[in-house]
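Okay, structure first, notes after.
The values are calculated or read from the model by the stated rules, or taken from the named source; none is laboratory data. The shown structure was predicted, so the numbers you read here are calculated from the model rather than taken from an experiment. FYI the Cβ positions are ideal-geometry reconstructions off the backbone, even for glycines, and counts take in every protein chain you see. Just the protein is used for accessible areas: all its heavy atoms, side chains included, with ligands, DNA and RNA removed. Shrake-Rupley method; radii C 1.70, N 1.55, O 1.52, S 1.80 Å.
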Amino acid sequence: MTHPTANTPAPSPCDLIIKADVVVTQDDARRILTDAGVAIKDGLVLDIGSYASMETGYCPAQRLDLSGKMLMPGLVNGHTHLPMTLLRGVADDLPLMEWLESHIWPVEAHLTDELITIGAQIGCAEFIRTGCTSFLNGYFHEHLTGNAVADCGLRAVLGEGFFSFPSPMFKTAEDCWQTLRGLNRQFETHSRVRTAITPHAAFTVMPEELIASFELAEELDIPWQIHLAESPMETAVCLDKYGKRPIELLHHHGLLTKRTTLHHCVDVTDEEIEILADSGVNVVHNPVSNLKLCSGISPVQKMLDAGVMVGLGTDGASSNNQLNMFRDMGLAALVGKVRHEDASAVNAQSALDMATRNSAHCLGWPELGRIEKGCPADMIALDLAYPNLMPVFNYVSHAVYGATGMEVCMTMVGGEVLYLYGDFKTIDINLLRTNALQASDWVHSVAER
Ligand SMILES: [Zn+2]
């Protein structure tokens, strides 16, 4: 044991030191450290550097040896509808409106609190298993998803979805605003759960209600998110109703701001990309959902080149059908090349940035998606012993093109380990499976009515 002398300060106490073969930091310089260590205190990254320097500088309460593993930031899912895991695979291979009107909405009309909770818990388990540590959600009864997230240790921004009024959920706009205020109050002091204002889309919510909801987002100082320009069908409906394309419509009403996150942006023109860039909005790309519903492929590289902040999301499990950000990350890079007829488009580093740092902006939580001093200790480890990750030339390439998500062997949020080598620390996975089987029986019975 070495004793501190006048020249060597005593090691500072910390909660945990992690040792890893490599750390992909995703910091501003995109540093990749080998033989690395990360010191964690009070849920934040206290320091990062060589493992030897961490051991010299800090005196940890615990150590986590991740030799043979690659540490990287937890992936940030910019767009999902968590409880829709309940409807995973209930109807596939259909166009958007037929899928929604004939299969999804009829079942959703009968969902109970218990079922929404089970759906949210299934989604949380899938995120933890596949290395997603935070997400931006939109669904109904969001307090239930909030409780599931609070219990399992993940981090989320929750948006209670609404359509024009009266709707099955809200008779009047005032009812809706009261619910949104209540949700915001419930999680106001929670360290891992925040809220957002979430109108469904420009063709399902009247402009005056979009504007009123944006004013509420400003008053509460929280993000405002909406599905926008998802498909040519949506553009046609907006043109017919308002004489404007979706992005034009929101721009006209002053709703494109830094507070705004737009989901999809598939059907956009070059002029609209300039508007998006100038306004500072955030866009979430959902490649798997867009492919599955045949909505088209978003011009992501054009948006990135113009300076638009583009994050990445899975969308709900009924239009993906996974909540696995690794699959969306790889596909974002692949379909980006086809969309732009350029093999260098949406390169691996861009795809990883979208799934981490950029998505963090879409959540209005920019300190996420990176392993950096002072930032929340949300990180995951990939086991480099998987054959599909051998040998290693480029760690970022492996994360985007090589990994499937099943290589995730450790998931941590705010310094708390939620999953380690097959063990879910905060979820009873056997009980969840039993509940999921019962839920699928219920969905079958409703779908067949
Ligand atoms: Zn969606």
Some residue of the stretch 178-188 being within 23 Å of the chain's Cα centre (by Cα), open to solvent by less than 40 Å² (accessible area, probe 1.4 Å), on the phi < 0 side of the Ramachandran plot and among the acidic types (Asp, Glu): no
Any chance Met72 is within 30 Å of Arg259 (Cβ to Cβ) and not aromatic (Phe, Trp, Tyr): yes
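Here is a yes/no grid of residues against (1) assigned by TED's automatic domain parsing to the domain that holds Val149; (2) buried (at least 21 other Cβ atoms within 10 Å of the Cβ); (3) of a type in the set (D, E, K, R):
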residue: Ala351; (1), (2), (3): yes, yes, no
residue: Asn358; (1), (2), (3): yes, yes, no
residue: Glu367; (1), (2), (3): no, no, yes
residue: Ile371; (1), (2), (3): no, yes, no
residue: Leu389; (1), (2), (3): no, no, no
residue: Val392; (1), (2), (3): no, no, no
residue: Leu437; (1), (2), (3): no, no, no
When residues of the stretch 221-232 are limited to those that are free of Cβ contacts under 8 Å to residues at least 60 places away in the same chain and more than 12 Å from the ligand (Cβ to nearest atom), the one surrounded by the fewest Cβ atoms within 10 Å (Cβ to Cβ): Asp221
Test set (1) at pLDDT 95 or above; (2) open to solvent by 20 Å² or more (accessible area, probe 1.4 Å); (3) not in a loop (DSSP other than H, G, I, E, B) - Ala196 fails condition number: (2)
Filter result (assigned to a helix (DSSP H, G or I) and either open to solvent by less than 10 Å² (accessible area, probe 1.4 Å) or at pLDDT below 95 (or both)) within the stretch 116-147: Ile116, Gly119, Ala120, Gly123, Cys124, Ala125, Phe127, Ile128, Glu142, Thr145, Gly146
